[in-house]
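Participant: Before I ask anything, let me first share the structure, which is written out below as structure tokens.
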Number of protein chains: 4
Amino acid sequence: MCVMVAGSAQLAAAQGMTTDPQAERKADLVTAYKILVNENILDSFGHVSVRSARDPNIFLMPRAMPPSLVSQDDILELRVSDSQPLEPKGRRVNGERYIHGEIYKARPDVMSVIHSHSQSVIPLGLTSIKLRPVVAQAGFLPPETPTFEIRDARKEGDRGMQVTDSARGAALARSLSSHPAALMRGHGNVVVGSSIKQAVVYAAYVDINARMQTQALLLSRDIVTMSEPELFKPEEFDINRPWEHLKQKIPDDAAKTKVDRAQFGLDQTQAKQ
Amino acid sequence: MCVMVAGSAQLAAAQGMTTDPQAERKADLVTAYKILVNENILDSFGHVSVRSARDPNIFLMPRAMPPSLVSQDDILELRVSDSQPLEPKGRRVNGERYIHGEIYKARPDVMSVIHSHSQSVIPLGLTSIKLRPVVAQAGFLPPETPTFEIRDARKEGDRGMQVTDSARGAALARSLSSHPAALMRGHGNVVVGSSIKQAVVYAAYVDINARMQTQALLLSRDIVTMSEPELFKPEEFDINRPWEHLKQKIPDDAAKTKVDRAQFGLDQTQAKQ
Amino acid sequence: MCVMVAGSAQLAAAQGMTTDPQAERKADLVTAYKILVNENILDSFGHVSVRSARDPNIFLMPRAMPPSLVSQDDILELRVSDSQPLEPKGRRVNGERYIHGEIYKARPDVMSVIHSHSQSVIPLGLTSIKLRPVVAQAGFLPPETPTFEIRDARKEGDRGMQVTDSARGAALARSLSSHPAALMRGHGNVVVGSSIKQAVVYAAYVDINARMQTQALLLSRDIVTMSEPELFKPEEFDINRPWEHLKQKIPDDAAKTKVDRAQFGLDQTQAKQ
Amino acid sequence: MCVMVAGSAQLAAAQGMTTDPQAERKADLVTAYKILVNENILDSFGHVSVRSARDPNIFLMPRAMPPSLVSQDDILELRVSDSQPLEPKGRRVNGERYIHGEIYKARPDVMSVIHSHSQSVIPLGLTSIKLRPVVAQAGFLPPETPTFEIRDARKEGDRGMQVTDSARGAALARSLSSHPAALMRGHGNVVVGSSIKQAVVYAAYVDINARMQTQALLLSRDIVTMSEPELFKPEEFDINRPWEHLKQKIPDDAAKTKVDRAQFGLDQTQAKQ
């Protein structure tokens, strides 16, 4: 017999606790910030958002602030339609919130968006070389991940590298297309997922894959990239394992102590009895 | 006079304590996980196993879980014959346990198997360049370490990079042959040893050697690799020294406090008196 | 409504506290040392200075000592005119204080000077390749950052790599020109700012930019550098966000606990209401 | 007035304390191990020694053990003449103690010897490229640092990379010649000094210089190395500053608290009064 306990909502339910999906998303959002800061994926800038559990036309995102400081009280609600805050309450919002709003608008399947200045992906993005899947756990990537060039989206006479209006956000969303990630030239990347956990785990493996591809290319221009039969579907990848591992690596994190050890592993790989 | 105290079993014996070889293997297995996580050799995945001290047809391996969380209670017994758990007790097993089972089947000399996604070896494995011994402490390696290509083992129409059945495990074991290590293209490596300590120390030096070879090859295609008279036999390498050093590096590890200082050094290098 | 609270002086004022601009500069100077040591920008040598709040012809700089040890009591006052200490009180001064004095003399706009041996910029400086802006947050850099060659400033028969007199300092200041940074061949760099915070944040992004440019150039000689419309003016860059983030990363820093969360974000990027 | 306080012996004297030069050397030796382990210069192997303060024909060196575990009680006395221990007391000695003995024999000016497996120097040593001074603080290096090739010292039919007898040690000492350092192909390096502090600081800058030279060479084969007028004499380099900085970086080191701040800086660079 195998008890399926997949997320903290289910775990709470299994333990007879009531759970609030919105509260869970806020808690996961703060954990995502801690993980991504600890992994050097988020630096002084960069942001993570999640679609509201109550209304798919709303997304949750912290106000303008350094990722290392984010707490639940900093989370604002923004509209998908125009990326504007519902009630700023005098709090400043991120200038690049249009990245998130426009991706949620274009991609109903996306529940979480990460924009980072990850130094693992920037070098590749400065060249004409495309990110390609080379490590087994990055098999969620397409054969070529697009690199967004802001110059293609910038209007005549406009300035800046940042995605600071809906038009630029929409251009980035078109570049992302149906993929889980897009590199942004000279800037970083966006990674999306069907949950915060998936987006965080995908962002971690985009980083690892970019470093491995970069290092291998320095050794040889003739490297083996993953073939179509080596790519996988989301349900074939146990994201709980890297999510919990990345949480363990956070220094002094209270969230570490209680772990449901039954959550790891995939049913299709288990022993026949 | 020189007191020989080589392992914790002997140490316990020397101190008049009774010792249980199986308990010692389980304790070393947990320590191996801590060391290899701390050295960034094991990441969110990867696993270590040891042959049972009671029955060579059984091996011990934790259930499916992140390496950073492994404790003695998570260790399961699996059969060498088919890599299936004796009593899963509802606990999920690792999908890649066939790596371990098939290597134990093919190599009676092997007592411990490590499979890691080490980022030090992956770049080399993506190219046609073979890992060669270049640093003095990696003299346990053969002149060329094989790189396993899963495409050679995958049946027509099959998918995936992982070693998820006995046929794939057997193909990997054939690639490993009689060597202490094999790289796995786009995936990582396997390292084996005649004990957990030896496998862990070998894994650490495979990593260092791969980084040094990679960096040197970026400087020059004409590097000096170790010649046959520079390779060594297992008994010529004091594995206790790196094993204890790697333990010292684990943050807040209780195992650090008591160290038998007489265990280090090799008899053949001592002073004539 | 949006409350503007830009610095610790304003914050103190808003909280009804009296504030001393000189005391604030000394406190920021010590924080700058902690941040730059933690970021591996300052090593055993290197120094940071700030112009006095009381007299623009005076600058504040610690005595000769390792950056990791600097406290407010170590700060001396030096003259811009000749880089000599007002009252050494028997304390030794830095041999390279002429870097600071001569830059303050040539650049009335500069309020803070950082000289570091940053290992991120040294490799580029050993070649004929110029540092160019490649990452969005380094848009404060000019299209080409100059590399200072001490051989051009050294008199016939003189020795040494260091800037140990006014003539060498003046030559470095001429090389820096009106720019925010100059590399120093085989030595490191200088970074200047209109405040300690700006200089520290600029130094951090000079480092990141140098690493990204270096890594990209190893992949391809044909990389995309930032165009003129992608560069920005100081007021377009929210330095509070990286300053606070870098402070958060200091281990066990008492300064972490109180953060004014309203200080982050730029007005021009906010929601229209 | 400027109080000269150069070392811990003088400091003790200045404070009216009696001091034992041998005890000071043992204390510095243990600190050297802590620093070099923390800087990743010493790994599981590698060793540091110092000439006895009582008899120049004796040197002090810990028994065979991992560098991270060394305490004063582990220090043995060995003869310079044959590298054998005076009284092993049943404790095993390092197989490569001949490195130390033969260098002390050939170099009366040398008071301390470090042998490390530093991963910063190994890549260069695997190629025909010589280590050359490129960073200002490495101006103690000659224009070319020799790389020792054990194959030139190994007798017909002999085996191994290690320096395990007097003949090999003498060959290494000849390769080192009058220089402060020699690389060892596939093995690491030796760094010597007129004191433990100097040897440790030199080892740290050999590491930094090797990394900077390596990284620059990947960018361009045409790099600027330091010219003769850019090299310096020992007395022109303030080793107290890096020694104390490196001590500060040791986690939880009791030695951090008391620092004589007057020890830093060189007299020739001070203000004329």
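Participant: Counting partner chain Cβ atoms within 10 Å of every residue's Cβ in B:178-190, what's the average? Can you show the working numbers first?
Facilitator: Values: counts 0, 0, 0, 0, 0, 0, 1, 5, 15, 5, 3, 0, 0.
Other-chain Cβ atoms within 10 Å of each residue's Cβ, averaged: 2.
Participant: Now a separate question. Let me know the mean shielding of C:54-66 by other chains, meaning the per-residue number of their Cβ atoms within 10 Å of its Cβ. Could you put the intermediate results ahead of the total?
Facilitator: On the way: counts 0, 0, 0, 0, 0, 0, 0, 0, 1, 4, 11, 11, 14.
Mean number of neighbouring Cβ atoms from other chains: 3.
Participant: Kindly rank D:129-135, D:159-165 from highest to lowest mean number of other beta carbons found within 10 Å of each residue.
Facilitator: Details: D:129-135: 22.1, D:159-165: 20.4.
Result, highest mean first: D:129-135, D:159-165.
Participant: Please report, for D:Arg174, the nm distances (one decimal) from its label point, 7 Å out from Cα along the beta-carbon direction, to the equivalent points in the remaining copies, shortest first.
Facilitator: Ordered by distance, the counterparts are at 5.2, 5.2, 7.4 nm.
Participant: Right, here's the next one. Assume the label is 7 Å from Cα along Cα to beta carbon: what separations in nm does A:Lys155 have to the matching positions in the other copies?
Facilitator: 6.0, 6.0, 8.5
Participant: Across the protein assembly as shown, how large is the tail of the calculated P(r) beyond 39 Å, expressed as a percent of all Cα pairs?
Facilitator: Every Cα pair in the protein assembly as shown considered, those over 39 Å come to 50 percent.
Participant: Another question, then. Using a Cα distance threshold of under 24 Å, what count of lysine pairs results for the stretch B:119-273 when pairs must be 8 or more residues apart or interchain?
Facilitator: 11
Participant: Follow-up. Based solely on C-alpha atoms, express the radius of gyration and the Dmax of the stretch C:141-259 in angstrom.
Facilitator: Rg then Dmax for the stretch C:141-259, in Å: 17.3, 54.
Participant: Oh, and also: Shortest first, in nm, what separates the label point of A:Ser81 from those of the same position in the other copies (7 Å along Cα→Cβ)?
Facilitator: Its label point is 6.8, 6.8, 9.6 nm from the equivalent points in the other copies.
Participant: At R0 = 51 Å, how high is the FRET efficiency between B:Gln22 and D:Lys258 if r is their beta carbon distance? Nearest 0.05 is fine. It would help to have the intermediate numbers written out before the result.
Facilitator: On the way: r = 50 Å, r/R0 = 0.99.
It comes to 0.50.
Participant: Describe numerically, in nm with one decimal, the distance between label points set 7 Å from Cα along Cα→Cβ at B:Ala271 and at C:Lys130.
Facilitator: 6.4 nm
Participant: Using the beta-carbon distance between A:Ser177 and A:Asp55 and R0 = 22 Å, what value does 1/(1 + (r/R0)^6) give for FRET efficiency, to the nearest 0.05? Spell out each step's value before the answer.
Facilitator: On the way: r = 25 Å, r/R0 = 1.16.
Approximately 0.30, to the nearest 0.05.
Participant: Given the options B:Leu218, B:Leu141, B:Leu60, which has the most mean-square fluctuation in a GNM of chain B, springs set between C-alpha atoms less than 10 angstrom apart?
Facilitator: Greatest mean-square fluctuation among the candidates belongs to B:Leu218.
Participant: Not counting the cut sites, what is the longest span of chain A without GluC sites (Glu not before Pro) that DSSP labels loop and that have at most 13 other Cβ atoms within 10 Å? Walk me through the numbers before you get to the answer.
Facilitator: Details: sites that count: A:Glu144, A:Glu156.
Answer - A:1-143.
Participant: Let me ask another. Hey, which residue of C has the C-beta nearest the axis mapping C onto A, and what's the distance in Å?
Facilitator: Nearest Cβ to that rotation axis, in whole Å: C:Leu218, 4.
Participant: Please give the average number of partner chain Cβ atoms lying within 10 Å of the Cβ of each residue in B:161-168, rounded to a whole number. Let's see the in-between values first.
Facilitator: On the way: counts 11, 7, 0, 3, 1, 0, 0, 0.
Counting other chains' Cβ atoms within 10 Å and averaging over B:161-168 gives 3.
Participant: Right, something else. Can you give the FRET efficiency for B:Glu228 and D:Ser220, using 1/(1 + (r/R0)^6), R0 = 30 Å, r = Cβ-Cβ distance, to the nearest 0.05? Kindly include the intermediate steps, with their values, before the conclusion.
Facilitator: Numbers: r = 37 Å, r/R0 = 1.23.
After rounding, the FRET efficiency stands at 0.25.
Participant: If each of A:Glu235 and B:Glu235 carries a label point 7 Å out from its Cα toward its Cβ, how far apart are those two points in nm?
Facilitator: 5.7 nm
Participant: Shifting gears a bit: If you scale each eigenvalue of the Cα gyration tensor by 5 and take the root, what three semi-axes come out for chain A, rounded to whole angstrom and sorted largest first?
Facilitator: Working: eigenvalues 163, 137, 53 Å².
Here the semi-axes work out to 29, 26, 16 Å.
Bear in mind these aren't lab numbers, they're just calculated from the coordinates by the rules spelled out. Being a predicted model, the structure only gives us computed values, none of them experimental. Cβ coordinates were reconstructed from backbone atoms using ideal geometry, including for glycine residues, and neighbour counts include every protein chain displayed.
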